Amino acid sequence: MSKRSMPPGSQLFVEVPEILQSTVTTENGVTLFIDPSFEPEQHAQVNGKVYSLGGRCKLNVKEDDEIAISYHMAADYFVDDNGDRKFNRVFNIDGKLLWLCDEGFIMAHKVDGEWKAVGDWVLLKAIPENEIKSSLIIIPDTITTKYKQGKCTFLSGDLDVPVNSTVLFQEMYRSVYKFKDGTEFVILKKDRIYGYE
C-alpha cells in the first residue's frame, strides 16, 4: 500500500461518507428522505474512519479505525453567494474527499466491536426511569421512556470512576449521539462530571 498523506501536527484526516444524513430508515424498513439543511447539527453523521494521523496526535487510534466524531465538525461551513453550503474542512487528498479533524473532535473509537471513549470524552448510558402507565390514555411508545436527569451509567473514558457507576452532571450538558450501528450514548467532556454514586 502506498504511503498516505498526513495532516500537520495533532490533526487527523478522516473519511466520512456523508456528513449530513439525508435519509432515515424506520424500524419497519421504510426509508424517509429529510432535508439536512434545516438544523444541520441534528443530522450530522458522527461515524467515520481514520485515514491518517498527524505526527503529534496523542489519541489511541490508528489508520482505518472506526471513530465517532463530534457534530461540531459538520458545523464548520460557510454559505456562498449561490446559497450552497461549503465545508471548511473538506480536502481532496490522495484522490479521496477527506475531512481535516482536530484531535478534540474524536470522541470514541471501536475496539473489538465495542465503543471506547478517547481523549477528554466519556461514554455514558442513559438510566431509564419507570415507564409512564395509564389506563385511560394511550401513550405512544416513543414517549413512555423517560431518563433520569443529570445521571447516567459510566461506560468508558479516562475518568477515575468504576465502570457501571452512576455519574452526576448538570443536565444542560447532556449530548445524545446515535451511531450507525444503532447504539446510543450520552457523550460528555470528562470535566462535566462532578461526582459519582
Segment LYS148-ASP120, length gained on full extension (0.36 nm per residue, minus Cα span): 7.7 nm
FRET efficiency for ASN28 and ASP76, using Cβ-Cβ distance with R0 set to 45 Å, rounded to 0.05: 0.80
Exceeding the 24 Å Cα-Cα cut-off - candidates LYS96/LYS180; LYS86/LYS189; LYS58/LYS178; LYS62/LYS96: LYS86/LYS189; LYS58/LYS178
Spin-label pair PHE179/ASP158, simplified geometry with 7 Å Cα→Cβ offset, distance in nm: 2.0 nm
The stretch 144-175 and the stretch 45-108: distance between their alpha carbon centers, rounded to Å: 27 Å
Whole-Hz couplings from phi, Karplus 6.51/-1.76/1.60, listed for the stretch 67-78; x for Gly and Pro: 10, 10, 10, 5, 5, 4, 5, 6, 8, 8, 8, 9
Stretch gain in nm, segment GLU15-LYS62, where the contour uses 0.36 nm per residue and the Cα spacing is subtracted: 15.6 nm
J(HN,Hα) series, the stretch 5-11, from Karplus relation 6.51 cos²θ - 1.76 cosθ + 1.60, nearest Hz, glycine and proline x: 5, 10, x, x, x, 9, 7
In sequence order, calculated HN-Hα J values of the stretch 182-191 (Karplus, 6.51, -1.76, 1.60; Hz; x Gly/Pro): x, 6, 10, 10, 9, 10, 9, 6, 5, 6
Segment VAL111-LYS189, length gained on full extension (0.36 nm per residue, minus Cα span): 26.1 nm
Label-to-label distance, nm, for residues given as LYS3 and SER165 (7 Å Cα→Cβ offset): 4.5 nm
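Coordinate-derived values only; no laboratory data. Just so it is clear, the structure is predicted and the values come from calculations on it, not from any experiment. Here Cβ is always computed from backbone atoms with ideal geometry, including for glycine, and neighbour counts include all displayed protein chains.
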